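Q: First, the structure itself, so that you have it in front of you.
The values are calculated or read from the model by the stated rules, or taken from the named source; none is laboratory data. A quick note: this is a predicted structure, and the numbers were derived from the prediction, not measured. Cβ coordinates were reconstructed from backbone atoms using ideal geometry, including for glycine residues, and neighbour counts include every protein chain displayed.
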Amino acid sequence: MAKRKGKGARSEGDRNLEELRRKAVEIVKRLEKVYPNPKLELEFENPFQLLVMAILAAQESDKVVNKVSKEFFKKYKKPEDIANASLEELEKDIKSINFYRRKAKLIKECCQKLIELYKGEIPKDIESLTKLPGVGRKTANMVIGGAFGLPAIIVDRHVHRVVERISLSKQKNPDKMEKELMEIVPKELWTKFSLLLLNHGKSICKAKKPECEKCVIKDLCGYYKKSCG
Ligand code: SF4
């Protein structure tokens, strides 16, 4: 009896997962028509720059980070340049960024560790990247997906918001949401899915006033059904 119950529950779970998978694929299909070239807003030239910029972008707008980075990377071209610079100098060079003191320390420690562990080469896997100071899963996935073009689920605040609204996952914790999305979204679509949702979250599915009437996935959206449907 108990065995039959367990079997039934499992197949219901499988059906739900299948449904969510189909929904995720459909969302990618529709959003890629709207955003044919989805990308991060951070303007980087190589994985090293994106790694540093992603640390600087915590609680700061990408626009400010882009502006500061233009000058910053003329001076700091490789991890050794940051690792060997004094903290005072780094602080001065990123002073217009929120929490610049803490971030100067983090990027210096990150580059020192990068040299110590990986000879200054940016690793391409999450376990190695998250060993670096200041690098959590979101930053690591940004580098893996955004700079290397490898499969990565990037859960930043925009992706988190859109995923919640379209009811693909209810997880509040971004790392747990990432794990759920890894199950739902086919691996070959991980990066594209993340970048599409990120672009959609910035331009249409905004935090305060989402422009639902313009949205091409509104018929698939739980938030829309509840608030406007
Ligand atoms: S319908 Fe509205 S809330 Fe739903 S994804 Fe589109 S913009 Fe966001």
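Q: If I ask for residues that are outside any helix (DSSP H, G or I), hydrophobic (A, V, I, L, M, F, W, C) and closer than 15 Å to residue 161 by Cβ, which ones from the range 211-227 would you list?
A: 215, 217, 221
Q: Does residue 191 satisfy the condition of being under 18 Å from residue 24 (Cβ atoms), touching a residue at least 24 places away in the same chain (Cβ under 8 Å) and among the polar types (S, T, N, Q)?
A: Yes, satisfied.
Q: If you check residue 185 against the conditions, is it surrounded by fewer than 18 Cβ atoms within 10 Å (Cβ to Cβ) and within 15 Å of residue 23 (Cα to Cα)?
A: In short, no.
Q: What pairs can you find where one residue is in the range 52-76 and not assigned by TED's automatic domain parsing to the domain that holds residue 91, the other is among the basic types (Lys, Arg) and buried (at least 16 other Cβ atoms within 10 Å of the Cβ), and their Cβ atoms are less than 9 Å apart, with a gap of 6+ or different chains?
A: Note: no pairs meet the criteria.
Q: Follow-up question, since we're still on this one. Could you please find all residues in the range 161-176 being touching a helix residue (DSSP H, G or I) at 6+ places or on another chain (Cβ under 7 Å) and farther than 16 Å from residue 21 by Cβ?
A: Matches in the range 161-176: 161, 162, 165, 170, 171, 174, 175.
Q: Mind checking which pairs have a first residue in the range 104-129 that is over 14 Å from residue 48 (Cα atoms) and a second that is basic (Lys, Arg), Cβ under 7 Å, 6 or more apart or different chains?
A: Note: pairs meeting the criteria are 117/131; 126/137.
Q: Among the listed residues 163, 143, which satisfies the condition of being within 30 Å of residue 225 (Cβ to Cβ) and of a type in the set (A, V, I, L, M)?
A: 163
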